[in-house]
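Read-outs: derived from the displayed coordinates by stated rules, not from any lab. As the structure is a computational prediction, the values presented were derived from the model and not from experiment. Don't worry about glycine lacking a Cβ; one is built from the backbone with ideal geometry, like all the others, and counts go over all protein chains shown.
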Amino acid sequence: MNQQKLQEILLKVEKPARYIGGEYNTPPMRKGESVRAAICFADIYEIAMSNLGIQILYDILNSHPSIVCERCFTPWPDFAKELQKGNIPLFSLETRTPLAHFDILGFSCQYELSFTNVLFMLDLAGIPFYAKDRDEQFPLIIAGGPCMANPEPIADFFDLIVIGDGEEAFLEIALLAEQYKDNRQALLEKASEIQGVYVPSLCTFENGVCVTSVKKAVVADLTSAPYPKKPLVPNIQVVHDRLMLELFRGCWAGCRFCQAGFYYRPIRCREQGKLIDMAQVLIANTGREELGLSSLSSGDYPNIEELVKSITELAEPQGVKVQLPSLRLDSFDIELTKGARLSGLTFAPEAGTQRLRDVINKNITDQDIKKTMAAAFSQGYKTIKLYFMLGLPTESYQDIDGIADMVSLIRELYIEKRKDKRIKINVSANIFIPKPFTPFQWVAQIDKKEALNRCLYLKEKLRPIAGVRFSYSDNRVAELEAVMARGDRALAKVILAAYRNGCVFDGWSEHFNAKGWEHAFSETGIKIEDYIRERTTDELLPWDFIDIGVSKKYLAKEYKRALLGQTTPSCKYKCIGCGADKFAPCQGISV
Amino acid sequence: MICAKFTKCGNAKYISHIDMLKTIVYTLRRAGIRIKYSQGYNPYPLLKFNAPLPLGLASIAEYFTLELAESIDAKDFLLAFNKVSVEGIKLLFAKKCNKNPNFAGRIVASDYIVEASTPLPCKIEHLAQTDCIIEYIQKGVRVQEEISAKILSLKVDGTRLLARLATGSENLRLDRLLTKVNLDFDVCLGLESASRISQYVQGEKGLLNVDEYLKELEL
C-alpha cells in the first residue's frame, strides 16, 4: 500500500498507533513461510490487545516455522471512512497486507454485539460476506472465541468455526490450509475431523436445526499448554493494560446464570511453580508494570494466598503491581488485598435476597457479605462497587428491594465501623440474559419494557441512600444480546440487514443504532419474540448439536433445583457429575 | 541522575506523550535498570521529558532525565536500553549529571526539516520577515496569532524546508506553520514528512544546542 497516503491518513485520525503495529516483541514476519494467517478481532485495538486468547494464538502460529500470523482489528469509524475514501482495502498491522491476500483469517468473537463488526471488516477488505460466495481465491475464514458457544447466528459467514479451546485446533487447521490450498472442499472435509471444528456447510439439518454433533475442543493439561513468553507490548494504553496470568480454566462455583462457568469446564489448573516461572518471564520480556491473575474466580485457586505471596514477592521489587481480579465474596480473603492500593473493592452479589441467590446458586450468604465488608472497612476501603443482575428467573420486586436493603446495610456498617459517612457505593445492574449451556438456557428473557421498569424501580429505591451511584444496562442492547446468544441460522440475514442499515460497534453506547436493528428485523420478517421466549426442556435447541461435555440432562436437573430454590455446592467438595470430564480429566477435587 | 538524548521515529512517532512515559519505563524494566519513584499514595517514576512533541512528528533530538535507584555506568545504561527498546526509540547518548538540566523549562527553540516531493519556492523564506498571521482552532475557538517573532529562521534548500521555531513556553507548532505555508504558497507539506533535528536552550551568547549545553553542565 502507498506509505505516503497512509501517513497522511494517520495524521487525520484519533490514536493512529491503533493501525500500524510496531509493538515490542513483534516476531519476524518474513521467514520463508508457506501459510499467512491474520487474527482478526471485531472491536478496536485497545480491546483486542487486552485479550489473552489473541496473544496465545498469535504466538502459537508464529512459533511454527511455516506459518506467519499477523493481526487486524476493527478500525474506528474515522479511520474506516478514510480507507473507503481512499479506496484502500483493510490491511494487517504488521506488514500492511490487504486482508484478502491472506490464506487464513481467524476472527475472535468475544461479544454477540460485535457481529456487525465482522461484516464491517469483511466489507472494508472487499471480501464477500457469505462463505458460499467465496472460493479458493479468498482466505479461509474462521471464527472462534466464547461467542461460538452458539455459532449459529453467524455460521453462514464462516468456512469453519472452532468450538472451545483454540490452541490445538487452530494450528491443525492452519497446517491443513497449507496442504489443501487449492481445494477448499477437501480442506473443509478434512478439517471437520478435528475435534472442536464445526463446518457450517457440511452439516445436516432437521427442522431448521443442525443435528451434526460437534465436540468441543479441550486443552487437557494447562501446565504444559503453550503460552506466549514474549507477548506483544502495546504502544498505547489498552483497556486491561496488564500482563495476564491464567491460573485455571473452568470454575468450581456453578453459578446458574454463568455461561463461561459451564462452557469452560472441566477445571484445569496450572501448577503454581509454572505460574511463578511465567510471571518472572513475562515481566522480564515485556517490562509491563501490572500483572493480573486471570480466571473465572481466581480466589478459588488452590493455595491462592501462597501463589499471590510468591508472585508479589518477585513482582514488587521490580516495581510491578499485582492485581487481584474477579473475587467472589466467599473466597475474598482480606489478607490477599493487604498492602494493595485501597482504592476500591468490587463484589458481585448478583441478587439482593438470599432466596434469589439460592435460585441462581450464587452461594454467598448475608452473613458472608457482612463479614467481608466489615473486614474491608477495617482495612480502610472507602469505595465499594457492587454488581447485580435484574430480570433473573423468579425475581420479584421484593428481591429488588433486597438490593437496596443490602446497600443501606453496607453503608450503615461502614458508618458504624469508621465513624464517618464518606463511603462511596457504586451499584451497577445488568439485565440478565439467559445463555446457552446454562441451567437457565430454557428461561424466557425478561420483556424489554419490564426490564427498564425494574431498573428504574431500583434507581428510585437507591435514591434516598447517600453516597450511592447507580448505573444500569440498556434494555434494548440486552434484548439484542439475548436474541444473538440464543439465535439460529435465520439470524444471519438480520445481522447483514442491520449492517446495511449502518449498524456497527453495537456494543458501544454512542454507536448503538436501535432503529437500524428494528428495521433489520422487520425487513427480514424475523420476530424477536421467537428468540427470547421460554423453551421447553424437550425442545431441540439451535446449539444442542454442540457437545460441551456438560450434559443437557445435568443442566435440566440444575434448572429444576433452581426453581425449587435448592443450591448445589461447589465442586471443590464433591464431584456433582456434570459430565464435563468426558473430554479431559477434571481437577475439581483432585487438587 | 542520568540524562539521555533519544530518537522517536518510524512507528514510534505515533506514541502519544503520555504513552511515551510508559514506553520508557517498560523499556527500563526490560533492561533490568531500577529507577526511583516518587513517594506517596500513587508513586510515579522520576522521569522527565522535554516539552511534548506533536503526535505524528518524528524526532532525532528528544531528551529525558531520570533518577536511578542504583549506580550504573552511562555507557552500560545506553547499551542495555537500546538492546530492548521498541523500534524507533533509540538512545543517542546518555550521561550522568549532578544538576537537573530542566529540559522542559530551558528549551527555547527547535530545528525542523520538512521534505517536499518537488522543489519549494524560495519566497517561503520571507514569511519570517514580515507580519505573519496564522489561524487555528484552539479548544473550539478560532484564534489568530502573529507568529513572525516565533519563526527564528526559515530556509529553503531545493525540496527541503529548514525551520527554526520557538519551543517551550513561547511555542510555535510546526503543523500550524506548515498549514500557513501550504495556503500561501500552494504547496503540500505535512508532519508525515517532517522531523525535529535539534533543540536549543538560551545560552549567554545566543542559542546553544542542548548537546553543547549538557557538555557545559558536566563541567
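Just a few scattered comments:
- The relative contact order of chain B, computed from alpha carbon pairs under 8 Å that lie at least 6 residues apart in sequence, is 23 percent.
- The HN-Hα couplings worked out from phi for the range A:43-56 by the Karplus form 6.51 cos²θ - 1.76 cosθ + 1.60 (θ = phi - 60°) are 7, 6, 3, 5, 7, 4, 7, 8, 8, 6, x, 4, 5, 5 Hz, whole numbers, x standing for Gly and Pro.
- Vicinal HN-Hα couplings computed from phi for the range A:445-462 (Karplus, 6.51 cos²θ - 1.76 cosθ + 1.60; Hz; Gly/Pro x): 6, 4, 4, 4, 5, 5, 4, 5, 4, 5, 4, 5, 4, 5, 4, 4, 5, 7
- B:Phe49 sits among other residues whose Cβ lies under 11 Å from its own Cβ, and their net charge, with Lys and Arg +1 and Asp and Glu -1, is +1.
- Mean separation of Cα contacts under 8 Å (6+ apart) over length of chain A, as relative contact order %: 15 percent
- Built amide H within the under 5 Å cut-off of A:Val13, gap 5+: none
- Extent along the principal axes, Cα only, for the range B:2-100: 33, 33, 26 Å, with the longest axis given first.
- Once Rg and the Kirkwood radius are both taken over the C-alpha atoms of the range B:106-209, their ratio Rg/Rh works out to 0.96.
- Each listed q (0.23 Å⁻¹) maps to a log10 I(q)/I(0) for the range A:462-535 from the Debye sum over equal C-alpha point scatterers, namely -1.04.
- The charge dipole of the range B:1-121, taken about the Cα centre with unit charges on the Cβ atoms of Lys, Arg (+1) and Asp, Glu (-1), comes to about 320 debye, rounded to the nearest 20.
- Max mean-square fluctuation residue, GNM over chain B, Cα-Cα springs under 10 Å, options B:Thr167, B:Thr159, B:Thr179: B:Thr159
- Space enclosed by the convex hull of the alpha-carbon atoms of chain B, per residue, Å³: 143 Å³
- For the residue pairs A:Lys12/A:Lys435; A:Lys435/A:Lys459; A:Lys321/B:Lys83; B:Lys75/B:Lys155, alpha carbon separations beyond 30 Å are given by A:Lys12/A:Lys435; B:Lys75/B:Lys155.
- Percentage of interatomic Cα-Cα distances in the range A:79-164 larger than 17 Å: 47 percent
- Exceeding the 29 Å Cα-Cα cut-off - candidates A:Lys216/A:Lys574; A:Lys216/B:Lys22; A:Lys274/A:Lys574; A:Lys15/B:Lys90; A:Lys449/A:Lys493: A:Lys216/B:Lys22
- Taking each of A:Lys362/A:Lys417; A:Lys553/A:Lys582; A:Lys85/A:Lys181; A:Lys215/A:Lys553 in turn, the alpha-carbon distance tops 22 angstrom for A:Lys362/A:Lys417; A:Lys85/A:Lys181.
- Fraction in percent of alpha-carbon pairs per bin - 20 Å, the protein assembly as shown: 14, 42, 34, 10, 0
- Euclidean distance of C-alpha centroids, the range A:423-496 and the range A:265-304, integer Å: 32 Å
- Across the range B:135-147, computed HN-Hα scalar couplings (Karplus, 6.51 cos²θ - 1.76 cosθ + 1.60, θ = phi - 60°) run 10, 8, 9, 10, 6, x, 10, 6, 10, 10, 9, 8, 10 Hz from first to last residue, x flagging Gly and Pro.
- Fluctuation leader among B:Lys48, B:Lys205, B:Lys83 - chain B, Gaussian network, Cα springs under 10 angstrom: B:Lys205
- Partners for B:Lys96 among aspartates and glutamates (Cα-Cα distance below 12 Å; same-chain residues under 8 apart left out): B:Glu67, B:Asp73, B:Asp76, B:Glu218
- With semi-axes defined as the square roots of five times the eigenvalues of the C-alpha gyration tensor, the equivalent ellipsoid of the range A:3-215 measures 28, 19, 16 Å, largest first.
- Taking each DSSP H run with n ≥ 4 as -39500 (n - 2.57) and averaging over every residue of chain A yields -10500 deg cm²/dmol at 222 nm.
- Each of B:Pro119, A:Met389, B:Ser38 was placed along the dipole of the protein assembly as shown (beta-carbon charges, centred on the mean Cα), and the one lying farthest toward the positive end is B:Ser38.
- Comparing mean-square fluctuations of B:Leu46, B:Leu28, B:Leu57 from a GNM of chain B with C-alpha springs under 10 Å, the top value falls on B:Leu46.
- Cα convex hull, the range A:528-591: 114 Å³ per residue, rounded to a whole number.
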